[in-house]
Amino acid sequence: METGTSSRLSPGLVALMAMATGVAVASNYYAQPLLHTIAGQFGISNGAAGSIVTVAQLSYALGLLLLVPLGDMFERKKLIVVMTLLSAAGLALTALASNLALALLGTALTGMFSVVAQILLPFSATLAAPAERGKVVGHVMTGLLLGILLARTVAGYLSAIGGWKTVYWFGAAMMFLTALVLARALPRYHQTLGLSYPRLLTSVLRLFVDEPVLRMRALLGAIVFAVFSILWTSISFLLSAAPYHYGDGAIGLFGLVGAAGALAASQVGRLADRGKAGLATSIGLALLLLSWLPLAFSEYSLAALLLGVLLLDLVAQAVHVTNLSVINHLHGAARNRLTSGYMTCYFIGGAAGSMLSTFLYEHGGWLAVSASGALLSALGLAIWRCSLRLSAATEALSPG
C-alpha cells in the first residue's frame, strides 16, 4: 500500500531533490583534493591519507546495503531528514578530528548516512510520471554527479582560504540546512510491503538472483566507478608533485572540468526512455577506454590531462545514468532495493579502485595508475560485448 501527495513532480521539487542529492553525496568527496594536505597535517604517508577515501566508499557501500532498503519500509520524508542530520554530525566530527583515527570515524559516519542521496533518487523516480521517469532520474543524477565533482572545487577553494577543516564545517552546515528545507518541502510517502527488516535485506539478494539485468548493470557499475576512482584518488598526488606543484585550490579546480561530464546525465536518461540504453552503454564503455590514452601522458601535458578528465567523467557518468534508468524500470515497488543492490556494488567497485590507485601510485607512479584504468575499462567493454552476443544468441534459439 502506498500513500503520497502526487504522482508527478513539479520542476521546483525536482530541482530541490537534485540539489539535496548533490549536497549529500558531496560530503563523501571533500577529502579527495586535500589528501596531500591532510597527510602533512597528521604526519602520515600519502597512502595512509588515501585510506580516508577508501573508508568513505566502504561505509557508503555499507549504508547502501543496510539503510537504503529502509526506503521501501518506512515513511520516506522522515527517513530522509533524519539521515541527512546524522550525515551532518559525521562531517562535524571530522572537522573536530585531531588525528587520523577520529577523521576516519567521522568519515565512516558521514559515508553511512550520506546514502540518503540514494533514497532521494528512487523517490524521484517513484513520484515521476512513467513517461518522464528517465528524464527525472537524469535531472536528479545531474545534481548528484555535480555534487561529486564540484565537491573537489569547493573543498580546494575553502581549504586554500581557511584550512582543510573549514571544508568539513561548511559541509556540516550545508547538510543541516538541507535537512531543514527537505523537512518543509518533501511530500509524505509511505510504502507498506509487510516485510521484516531481515526479509527486506534478503529480498535485495533475491533481486540479484531473479534479475539478470540487475546483475549485469551492477557489474558494469562497479567497473566504471572503479575506473573513475582510480583517476580521482591519485590525481591530487599527481598535481601536487613535479612538474605541477599545485596547491589545494588549483587541484580543486579540476572538479570543474569533470563537472562538464555530469551535465550530459539528463540527456542520457532520455535515451534510456527511448529504448536506446544498449547503444548508450556500448558507446560509453568504448569511450571510457579511449579516455586513458590522453590520461597516460598527464605527467607531461596539462592539455592531455584536461582532455582525459573531461572525456572519462562524461562517459563514466553517462553509463552510470543509463544503468540507473534501466533498473528503475524493472520493479516499481522495489526501487529502493534495486538501487541498494546496484549502488552497493557500485561503491564496492569505487573502494577497490581507490585502494588500487593509492597502491599503484606509491609503487609504480602515474603510468601504473593509467595502465590499471585502461585494463579495467577494456574488461568492462569486453564483458558488455559478450553479454550482447549471448543475448542475441539466446533470442535466436528461442521458439517463435
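Counting beta carbons within 10 Å around each of SER282, SER357, SER51 and listing the fewest first gives the order SER282, SER51, SER357. Rounded to the nearest 0.05, the FRET efficiency derived from the C-beta distance between LEU66 and ASN99 at R0 = 25 Å is 0.35. Here the residues CYS345, CYS386, ranked from fewest to most Cβ neighbours within 10 Å of their Cβ, fall in the order CYS386, CYS345. Counted residue by residue at 0.36 nm each, then reduced by the alpha carbon distance between them, the extension gain from GLU362 to ILE383 reaches 4.6 nm.
Available extension along the chain between ALA286 and ALA131 is 52.9 nm, counting 0.36 nm per residue and deducting the alpha carbon span.
For the chain, the 222 nm mean residue ellipticity estimated from helices alone, with every DSSP H stretch of n ≥ 4 adding -39500 (n - 2.57) and the total spread over all residues, rounds to -27000 deg cm²/dmol.
A Förster radius of 41 Å combined with the Cβ-Cβ distance from LEU205 to ALA89 puts the calculated FRET efficiency at roughly 0.85. Based on C-alpha pairs under 8 angstrom that are at least 6 apart in sequence, segment 10-394 has a relative contact order of 27 percent. Mean silhouette area of segment 10-394, derived from the convex hull of its C-alpha atoms and averaged over all directions, reads 17.2 nm².
Could you run the Karplus curve 6.51 cos²θ - 1.76 cosθ + 1.60 with θ = phi - 60° over segment 227-239 and give me ³J(HN,Hα) per residue in whole Hz, x for Gly and Pro? Result, ordered by residue: 5, 4, 6, 4, 5, 7, 6, 9, 5, 5, 5, 4, 6 Hz.
A short reminder: the numbers here are calculations on the coordinates, not readings from a lab. The model shown is predicted, which means the values in this text are computed figures rather than measured ones. Quick reminder, even Gly has a Cβ in these numbers, built from the backbone with ideal geometry, and neighbours come from all protein chains shown.
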